[in-house]
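Novice: Let me give you the structure first, and then I'll get to my questions.
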Amino acid sequence: MAVTELFDRSTVSDESELQLCRGGRLRHLLTLRGLSREQLTDLMDRAESFLSPTGQRVIRSRALEGRTVANLFFEPSTRTRASFDLAAKRLAADVLNLDVNTSSRKKGESILDMIYTLQAMQVDVFVIRDASAGVPAYIARNVNDYVSILNAGEADVAHPTQGLLDLLTIRQHKADFENLSVAIVGDILHSRVARSLIHALNILGAPDVRVVAPRTLLPTEVERLGVRPCTDMREGLKDVDVVMMLRLQRERMQGSLIASEQEYFNLFGLTRDKLAYAKPDVLVMHPGPINRGLEIASDVADGEHSVILSQVTNGIAVRMSVMAILMGGRQRPDR
Ligand code: CP
């Protein structure tokens, strides 16, 4: 049976509980949903400790010495994969970047048999990106109890380390989350980035989170996520502190959900004119990869409000933080 059939979303039980040990400590990171304000704050504080000023030597730690991290990316990635790789190495782990195109999964091996094989090689942390919903949780339910699973992007469901690096980037520039207005603009329907950021902003008490898109790119009942839907950029961006732009995820679209790319850019592309609706000190964010001239104009992507490359830098620190916190004080019974 295909993994997608096994993991019909309605059968997936609560991942937010699955990722905790008895006592509430994080064992896996599958979702930001259900984490406490204190847990998010600890993860950001630890990430800050791994940041060094640009041009200075990077900060290293021996927190994962003797541990092995396997990066299994079954969907394309530049930022997430490279930053997990660098993060694990800066924590002194052994790192295995499996080439999924030449892995035995291509020969019909099940994902669990592949995981068990790598577990037998004493892998401690699996970093998983997959196009099917439920795969990270499925693996988490089936690994040995000293192994951790990190979700590096799951279908349109969750991208928790992206959510954390987005939070950290906002925190570096804005006084607090409790007075924050945030607009998330673009392909909300297919966006795991939007879902993770929305969960995190809700936990931290952000009072005004808007999702801005054509109706065809807004999930039904999106208000239930605790956001205000807007189909007009003037209303959506009015006086916001942060604009998070999203890529159109054509690889997840069934049929055409926009009239044309030119019309989409005209109505929802972030230009200097539209950015003027926001507060004067607005932050412009984007998880990447960016499509210049489709969802964001080049001069805005590179402009004075943009923190897009800071998000990338913060991504390494956040992934170091997650791995250090998850593995902190853990013992392998068989070593
Ligand atoms: N933001 C993000 O997940 O980018 P990649 O697909 O390059 O990892």
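Novice: What distance in nm separates the two pseudo spin-label positions at Lys238 and Arg25, each 7 Å out from Cα along the beta-carbon direction?
Specialist: Between Lys238 and Arg25, the label points sit 4.9 nm apart.
Novice: How big is the dipole moment of the range 160-309 about its Cα centre under a simple scheme where the beta carbon of each Lys and Arg is +1, that of each Asp and Glu is -1, and everything else is neutral? Debye, nearest 20, please. Walk me through the numbers on the way to the answer.
Specialist: Details: 17 positive and 20 negative charges, 66 e Å.
For the range 160-309, the charge dipole is close to 320 debye.
Novice: Could I ask something else about it? For a footprinting-style exposure proxy, rank Asp281, Asp14 by other Cβ within 10 Å, fewest first. Intermediate results must be reported in sequence, preceding the final value.
Specialist: Values: Asp281 9, Asp14 12.
Ordered by Cβ neighbours within 10 Å, fewest first: Asp281, Asp14.
Novice: Right, something else. Between Arg215 and Thr78, what length comes free when the chain is fully extended (0.36 nm per residue of separation minus the Cα-Cα distance, one decimal in nm)?
Specialist: Gain in length upon complete extension: 46.3 nm.
Novice: Name the residue farthest towards the positive end of the dipole of the range 183-335 from the options Gln311, Gly226, Ala324, assuming +1 on Cβ of Lys and Arg, -1 on Cβ of Asp and Glu, about the Cα centre.
Specialist: Ala324
Novice: By average Cβ neighbour count within 10 Å, what is the ranking of 230-237, 185-192 from highest down?
Specialist: Numbers: 230-237: 17.4, 185-192: 24.6.
Peptide ranking by packing, descending: 185-192, 230-237.
Novice: Could you line up Asp45, Asp241 from fewest to most neighbouring Cβ atoms inside 10 Å?
Specialist: Asp45, Asp241
Novice: Net charge around Ala88, counting only other residues with Cβ within less than 14 Å of its Cβ (Lys, Arg = +1; Asp, Glu = -1)? Could you put the intermediate results ahead of the total?
Specialist: On the way: positive: Arg60, Arg62, Arg67, Arg81, Lys89, Arg90, Arg319; negative: Glu65, Asp85, Asp94, Asp124.
Neighbour charge sum, excluding Ala88 itself: +3.
Novice: Additional query: Net charge near Leu18: determine it from the other residues with C-beta under 11 Å of the C-beta of Leu18, scoring Lys and Arg +1 and Asp and Glu -1.
Specialist: Residues close to Leu18 contribute a combined charge of -1.
Novice: Hey, another quick one. Taking every pair of distinct Cα atoms and averaging 1/r, then inverting, what Kirkwood hydrodynamic radius in Å comes out for the range 160-309? Present the calculation step by step, with values, prior to reporting the outcome.
Specialist: Working: mean 1/r = 0.0662 Å⁻¹.
One over the average 1/r among Cα pairs gives 15.1 Å for the range 160-309.
Novice: If you don't mind, another one. Among Ile198, Leu20, Ser52, whose Cα sits farthest toward the positive end of the charge dipole of the chain (+1 at Cβ of Lys/Arg, -1 at Cβ of Asp/Glu, about the Cα centre)?
Specialist: After comparing all options, I get Ser52.
Novice: Still on this structure, please answer the following. Where in the range 58-72 is the amide nitrogen less than 19 Å from a point lying 7 Å along the Cα-to-Cβ axis of Lys107?
Specialist: What the label zone holds, given the 19 Å backbone N cut-off, is no residue at all.
Novice: So if R0 is 22 Å, what FRET efficiency would Arg292 and Gln172 give, r being the distance between their Cβ atoms, rounded to the nearest 0.05?
Specialist: 0.35
Novice: How far apart, in nm, are the 7 Å Cα→Cβ label points at Val100 and Asp45?
Specialist: 3.5 nm
Novice: Suppose R0 equals 30 Å; then what is the FRET efficiency for Asp208 and Tyr146 from their Cβ-Cβ distance, rounded to the nearest 0.05?
Specialist: The formula returns an efficiency of 0.10 here.
Novice: Positive end of the charge dipole of the chain (Lys, Arg +1 and Asp, Glu -1 on Cβ, about the Cα centre): tell me which of Ser103, Ala152, Met285 has its Cα farthest that way.
Specialist: After comparing all options, I get Ser103.
Novice: Name the residues whose placed amide hydrogens come within less than 5 Å of the amide hydrogen of Asn97, ignoring near sequence neighbours (fewer than 5 apart) on the same chain.
Specialist: Those qualifying (amide H under 5 Å, at least 5 residues apart or on another chain) are Asn71.
Novice: Per residue Cα convex hull volume for the chain, in cubic angstrom?
Specialist: 139 Å³
Novice: Just report the Cα centroid separation between the range 170-228 and the range 231-286, whole Å.
Specialist: For the range 170-228 versus the range 231-286, the Cα centre distance is 13 Å.
Novice: Compute the long axis of helix 79-90 from its Cα atoms, compare it with the longest principal axis of the Cα atoms of the chain, and write down the angle in degrees, 0 to 90, nearest 10.
Specialist: 40 degrees
Novice: Using 0.36 nm times the number of residues separating Arg228 and Ser16, minus their current alpha carbon distance, what extension gain do you get?
Specialist: The span from Arg228 to Ser16 would gain 73.9 nm if fully extended.
Novice: Under the 0.36 nm per residue contour assumption, what length would be gained going from the current alpha-carbon distance of Arg62 and Ala92 to full extension?
Specialist: That works out to 10.3 nm of additional length.
Novice: Next up: Test of understanding: ordering Arg81, Arg228 by Cβ neighbours within 10 Å, fewest first, what list do you get?
Specialist: Sorted ascending by nearby Cβ count, the order is Arg228, Arg81.
Novice: Here's something else I'd like to know. Taking every pair of Cα atoms in the range 67-157, average 1/r, invert it to obtain the Kirkwood radius, and report Rg/Rh to two decimals.
Specialist: 0.92
Novice: Under a crude label model (7 Å from the Cα following the beta-carbon direction), how far is Glu38 from Ser52 in nanometres?
Specialist: Each label point is offset 7 Å from its Cα along the Cβ direction, giving 3.3 nm.
Novice: Please give every one of the lysines within straight-line cross-link reach of Lys279, meaning a C-alpha to C-alpha distance under 17 Å, and leave out same-chain neighbours fewer than 8 residues apart.
Specialist: Lys174, Lys238
Novice: Another question about this same structure. Which value, in debye to the nearest 20, describes the size of the charge dipole of the chain about its Cα centre when Lys and Arg Cβ atoms bear +1, Asp and Glu Cβ atoms bear -1, and nothing else is charged?
Specialist: Dipole of the chain, to the nearest 20 debye: 800 debye.
Novice: Over the chain, calculate the relative contact order: mean separation of alpha carbon pairs under 8 Å at least 6 apart, over the residue count, as a percent. Write down the numbers at each step before the final one.
Specialist: Working: 601 pairs, mean separation 64.9, N = 335.
Rounded, it is 19 percent for the chain.
Values in this text are rule-based calculations from the coordinates and carry no lab data. Since the structure is predicted, the reported quantities are computational estimates derived from the model, not experimental observations. Glycine also receives a Cβ, built like all others from the backbone with ideal geometry; neighbour counts cover every protein chain displayed.
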